[in-house]
Amino acid sequence: MEIEINLAPEEFKRTSELKFLPFGKIFTPHMFIMKYDEDKGWHSPKICPFSNIELHPAAIVLHYAQTVFEGLKAYWGVDGKIRLFRVWDHINRLNCSAERMCIPTLEPKLVFEAIKTLVLIDKNWIPREKGSALYIRPFIFATEGTLGLKVSREYLFVIIASPVGAYYKEGFNPIKIYVTEQYIRACPGGTGEVKTGGNYAASLKAQEIAQNKGYTQVLWLDAIERRYVEEVGSMNIFFYFENELTTPMLSGSILPGITRDSVLKLASVLGFSVTERKIAIEEVIEGIEKGTLKECFGTGTAAVITPVGKIFYRNKDYTINRGETGEVTKLFFERITGIQYGETEDLFNWTTLLE
Ligand SMILES: *Cc1c(COP(=O)(O)O)cnc(C)c1O
């Protein structure tokens, strides 16, 4: 399928300085859009000026949340080349999410072409400062207008892009996280392992409570026993115990993060002893009290690696590594961003050059 291109007028294409970049608030001048209906399948892919989308008020997505998304980044390398990080893994996960939500899957090559074409058209909007990037958000949603609860027969696939600075306002400083035993994010048999809107809507209440108490993110426990650590906010979580780097094993209710996988693969070649297993919150607290838990960090595309300095659990704050960013946390941050910006060898072929 040929992507039709309809460029925005010159005045929309001018970049501002791209200096102060709040996450996900500024968008590039173009977007990609493609339709699906039962007769034609996916058809009419095009890139057009960024604009609002008109929807039927009964569009299924607005009522029943049949939708999926992805988040990946394009970087200006130190060599002046543009790189995408693990783009094929993101495309593959988008299709896995679509499959779970009864959304027709996409031809991976077409999705890649769409991302590549959009990024190159808007390449002046990729910020150049280290730590910043172009965040790319592909998403699919159900557009059929009906109040009957059923699988939609019509969809839109859209890709938008947003220049972003370093994710956390505080910079690469440890965050404080809040363990909730009252709310859960996902349960076995549910949709926790796919990127679909409803998961995030369901997480807002606990996130709001945590933020009102001065914490940055929620640490989620498993739905059944409220005991095993699952994820933190929209990141996976790692614990560095004496001689063991560990992360919760994928249980079906944990999002299989691509950054998580990058840390696991790098850790093996760096000689860490790495495990994926069940991690009880008591074990974490005990590790902090005894001093055997050395470091803790979150992983995700938006922030890459986020050090965790404090955990609130049952009315008490527990401080990890004196609330400072640890060496292992820094090591993974340096290694992964080094690959993303083309500074260090890409052992696993994770990056795709665009030009
Ligand atoms: C996207 C996401 C992650 C991180 O995945 P990456 O592929 O590393 O960006 C972790 N948890 C949740 C809930 C997510 O939505």
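Bear in mind that the values in this text are calculations on the coordinates, not laboratory data. Values in this document were obtained by computation on a predicted structure and should not be read as measured data. Please note: Cβ atoms are built from the backbone with ideal geometry, for glycine as well, and neighbour counts cover all protein chains shown.
For the listed peptides 230-241, 290-301, a ranking on the average number of other beta carbons within 10 Å per residue, highest first, reads 230-241, 290-301.
The loop-placed trypsin sites (Lys or Arg not before Pro) in segment 32-84, going by DSSP, that have at most 15 neighbouring Cβ atoms within 10 Å of their Cβ come out as LYS40, LYS81. Of all DSSP-defined beta bridges confined to segment 4-164, some 95% are antiparallel rather than parallel. To the nearest 10 degrees, how steeply does helix 87-100 sit against the main Cα axis of the chain, on a 0 to 90 scale? For 87-100 against the chain, the angle is about 90 degrees. Compared with the dominant principal axis of the Cα atoms in the chain, helix 197-212 is inclined by about 50°. In this structure, the amide hydrogen of THR180, modeled 1.01 Å from its nitrogen in the peptide plane, lies closer than 5 angstrom to those of LEU219, LEU221, counting only residues at least 5 positions away or on a different chain. Compared with the dominant Cα axis of the chain, that is its longest principal axis, helix 108-121 is turned about 80°. Mind checking which aspartates and glutamates have their C-alpha under 15 Å from LYS176, skipping anything on the same chain fewer than 8 residues away? Those aspartates and glutamates meeting the cut-off are GLU208, GLU231, GLU295, ASP317, GLU324. Applying 1/(1 + (r/R0)^6) with R0 = 41 Å to the Cβ-Cβ distance of HIS63 and ARG314 gives a FRET efficiency near 0.60.
Note on the chain: helix-only mean residue ellipticity at 222 nm, from DSSP H runs of 4+ residues weighted -39500 (n - 2.57) and normalised by residue number, equals -7500 deg cm²/dmol.
Pairs exceeding a 26 Å alpha-carbon distance, out of LYS25/LYS316; LYS13/LYS330; LYS205/LYS316; LYS40/LYS150: LYS25/LYS316; LYS13/LYS330.
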